[in-house]
Amino acid sequence: MKQSEEICMTYSGVITKNNQKIVHVSFTRGKDYAEGILPSGKFEKYSGFTPEEIVQLSGYLRQNADDIMKKAEKVNPLRSLMGKD
């Protein structure tokens, strides 16, 4: 990955879809973005990241899935919309 540019990660709260808990995770680096899903670690869409970087980010998601899911459970979307989170 480009070492000189910082990658920021954000994630949604936990969403239940088809009886499965999922979290949407986004990575951004300048104008580059990648949007993935946990627990699968797969990316739905991306732009600017190389295929090799997507493989690395996917590995990161899978390795840190439990921690990210726990943090996502604490996300309160209503508080976030009102600027209190």
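Residues whose amide H lies under 5 Å from that of VAL75, counting only those 5 or more places away or on a different chain, are VAL14; hydrogens are built 1.01 Å from N in the peptide plane.
In the complete set of protein chains, residue-level accessible area for ILE7 is approximately 50 Å², probe 1.4 angstrom.
Which length gain, in nm to one decimal place, applies between SER58 and LYS42 when the Cα-Cα distance is subtracted from 0.36 nm times their residue separation? Present the calculation step by step, with values, prior to reporting the outcome.
On the way: separation 16, 0.36 × 16 = 5.76 nm, distance 0.62 nm.
Fully extending the segment from SER58 to LYS42 adds 5.1 nm.
When every alpha-carbon pair in segment 4-57 is counted, what percent end up more than 16 Å apart? Of the Cα pairs, 40 percent sit more than 16 Å apart.
The values are calculated or read from the model by the stated rules, or taken from the named source; none is laboratory data. Being a predicted model, the structure only gives us computed values, none of them experimental. Heads up: the accessible areas ignore ligands, DNA and RNA and are worked out on the full protein's heavy atoms, side chains in. Shrake-Rupley method; radii C 1.70, N 1.55, O 1.52, S 1.80 Å.
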